[in-house]
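Worksheet: the structure to be examined is printed underneath.
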Amino acid sequence: MALKTDPAGLLARTPLFGGLDEASRQAVAGELREASYEPGQVIFSRGDPGSDLHIVSKGRIRLSVLTSDGRELSFAHVEPPSIFGELAIFDGRPRSADATAVNKVETLLLSKAAFLRLLASHPSVGEAAVRFLASRLRDADEQLEAIALHPIEARLARFFLASVRQKDPSGKAEKISLALPISQSELALLVGASRPKVNAALQLLESEGAIERRGQQVICDIAALSGVGRLDDKD
């Protein structure tokens, strides 16, 4: 059955498969299947066995965990063309977070079995996976570095830039609009600060033209955020 979404076109926009040649992308596209979820539907829960990665083709997904006192902490929202749940096909371990559809969601699924077939027939897929994981590790390192070494406005700038890279893997856009449907309290937990300090830092980023807030949308100026995040000092 033909897929409703243009799979090769979507793959070309993802950080994992975007660098593949056309033949390899078509091979990946041939292994995909579709799934859809209603608003509020749980896609998977932390601890569930995982056998597929998801490529978002429509809608928004909330990734969250429960804190020690039982509160739900949203740590990311993903939209097209983001990928989530990829660890399941890389290490075979249970899901590390909850994934919930915020609105009507459609995804393309790649199973672990299909991924292994692709590795055997298209080595470039394995190379792309290594680059993708390395990028994820760099993002994590930058977040830890920011919490340890940089002021709150730099941490927030790096948080927004990490979200930008998910939405625009090519890095060609000068400005990106991001959805930020999480509270300032949740944002404070993510960047290791108090809510009042996050509020003050957001106002500072706005005054410097690095962001513009429009309700739950944040317009990010990539160059300005990079300066505040001190990424322009890195080699």
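The values are calculated or read from the model by the stated rules, or taken from the named source; none is laboratory data. Not measured: the values here are computed from a predicted model. Glycine also receives a Cβ, built like all others from the backbone with ideal geometry; neighbour counts cover every protein chain displayed. Protein only, heavy atoms only, side chains kept; ligands, DNA and RNA dropped before computing areas. Shrake-Rupley method; radii C 1.70, N 1.55, O 1.52, S 1.80 Å.
Filter segment 127-141 for residues that are of a type outside the set (Val, Ile, Thr) and farther than 13 Å from Asp21 by Cα and give the result.
Answer for segment 127-141, where residues must be of a type outside the set (Val, Ile, Thr) and farther than 13 Å from Asp21 by Cα: Ala129, Arg131, Phe132, Leu133, Ala134, Ser135, Arg136, Leu137, Arg138, Asp139, Ala140, Asp141.
Residue-by-condition table, conditions (1) modelled with pLDDT under 85; (2) touching a helix residue (DSSP H, G or I) at 6+ places or on another chain (Cβ under 9 Å); (3) basic (Lys, Arg); (4) surrounded by 17 or more Cβ atoms within 10 Å (Cβ to Cβ):
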| site | (1), (2), (3), (4) |
| --- | --- |
| Phe132 | no, no, no, yes |
| Ile147 | yes, yes, no, no |
| Ala154 | no, yes, no, yes |
| Lys175 | no, yes, yes, no |
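I'm checking my understanding of the structure. Among residues of segment 80-118 that are within 22 Å of Ala162 (Cα to Cα) and without any contact (Cβ under 8 Å) to a residue 40 or more places away in the chain, which one is nearest to the chain's Cα centre (by Cα)?
Top of the filtered list is Phe84.
Take the conditions of a type outside the set (Phe, Trp, Tyr), open to solvent by 40 Å² or more (accessible area, probe 1.4 Å), touching a residue at least 60 places away in the same chain (Cβ under 8 Å) and in contact with an Asp or Glu (Cβ under 8 Å, 6 or more places away or on another chain) and apply them to Lys167. Does it pass?
Yes: the conditions hold for Lys167.
What residue, among those in segment 32-85 that are in contact with a helix residue (DSSP H, G or I) (Cβ under 8 Å, 6 or more places away or on another chain) and among the acidic types (Asp, Glu), is farthest from Pro15 (Cα to Cα)?
Asp52
Can you list the helices (runs of 4 or more DSSP H) found entirely within segment 161-228 that contain at least 2 residues being within 30 Å of Leu11 (Cβ to Cβ)?
Ranges flagged: 222-228.
Going by the conditions given, is Ser36 of a type in the set (Ser, Thr, Tyr), at pLDDT 95 or above and either at negative phi or under 18 Å from the mean Cα position of the chain (by Cα) (or both)?
Values: of a type in the set (Ser, Thr, Tyr): yes; at pLDDT 95 or above: yes; either at negative phi or under 18 Å from the mean Cα position of the chain (by Cα) (or both): yes.
Criteria met by Ser36.
Matching residues to (1) open to solvent by less than 60 Å² (accessible area, probe 1.4 Å); (2) farther than 21 Å from Gln166 by Cα; (3) not in a helix (DSSP H, G or I):
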site	(1), (2), (3)
Leu3	yes, yes, yes
Arg46	no, yes, yes
Pro49	no, yes, yes
Leu53	yes, no, yes
Ser57	yes, no, yes
Val65	yes, no, yes
His77	yes, no, yes
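Taking the stated definitions as given, is Arg95 in a loop (DSSP other than H, G, I, E, B) and either aromatic (Phe, Trp, Tyr) or surrounded by 16 or more Cβ atoms within 10 Å (Cβ to Cβ) (or both)?
yes
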